[in-house]
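J.: Right, I'll just put the structure down here and ask away after.
What follows draws every value from the coordinates through simple rules; no lab data is involved. All values reported here derive from a predicted model rather than from experimental measurement. Because the Cβ atoms are built from the backbone with ideal geometry, glycine has one as well, and the counts that use them run over all protein chains shown.
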Amino acid sequence: MKAYPSWQAFQDHLPLRNRMTSDIHCQEEYIYYHDVHMHVDIYQPRYFKGTIIILHGLIANGRMLSFLAVPFYRLGYRVICPDLPFFGQSNVKQATYEDWLACCQKLIEQTEIENTFLMGLG
């Protein structure tokens, strides 16, 4: 059995059309808000018709949302999947619910608003 991170193992259980591949993968960036370093996966097609920001729920992270990001990417959308504070690769020592909201607002402010959609799970 291979030893790899859970998000990679998760890929093996998805339909092929929903999997990350060598030509469909994400760029990783960080957004800084006070003491929060929020990790963000960005699926960036060369030309895109809009942006979709997908927020995860509890016990998840942005990379686990790749099964949604890949189909939207294939349809020509830029997809942004952040790791909210305390999850995934985001780095924070302490944060409140208000900090979560502020981080999401900072992400939205840094995104071109026209043709931007926000969705969430959880």
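J.: When you check residue 23 against the structure, is it out of contact with any strand residue (DSSP E or B) (no Cβ under 6 Å at 6 or more places or on another chain), among the acidic types (Asp, Glu) and in contact (Cβ under 8 Å) with a residue 40 or more places away in the chain, yes or no?
T.: No: the conditions fail for residue 23.
J.: Continuing with this model, one more query. Using the structure shown, decide if residue 89 is in a loop (DSSP other than H, G, I, E, B) and surrounded by 12 or more Cβ atoms within 10 Å (Cβ to Cβ).
T.: yes
J.: Still on this structure, please answer the following. Considering only residues of the range 67-76 that are farther than 16 Å from residue 29 by Cβ and in contact with a helix residue (DSSP H, G or I) (Cβ under 9 Å, 6 or more places away or on another chain), which is surrounded by the most Cβ atoms within 10 Å (Cβ to Cβ)?
T.: 70
J.: Regarding residue 58, is this residue assigned to a helix (DSSP H, G or I) and touching a residue at least 12 places away in the same chain (Cβ under 8 Å)?
T.: For residue 58, the condition - assigned to a helix (DSSP H, G or I) and touching a residue at least 12 places away in the same chain (Cβ under 8 Å) - is not met.
Conditions tested, residue by residue: (1) of a type in the set (A, V, I, L, M); (2) closer than 20 Å to residue 118 by Cα; (3) part of a strand (DSSP E or B).
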| site | (1), (2), (3) |
| --- | --- |
| 30 | no, yes, yes |
| 48 | no, yes, no |
| 67 | no, yes, no |
| 72 | no, yes, no |
| 79 | yes, yes, yes |
| 98 | no, yes, no |
| 101 | yes, yes, no |
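J.: Looking at residue 82 and the list (1) free of Cβ contacts under 8 Å to residues at least 60 places away in the same chain; (2) out of contact with any Leu (no Cβ under 7 Å at 6 or more places or on another chain), which single condition is not satisfied?
T.: Condition (2) is where residue 82 drops out.
J.: Here is a list: 115, 61. Which entry is surrounded by 12 or more Cβ atoms within 10 Å (Cβ to Cβ) and within 17 Å of residue 45 (Cβ to Cβ)?
T.: One residue alone meets the criteria, 115.
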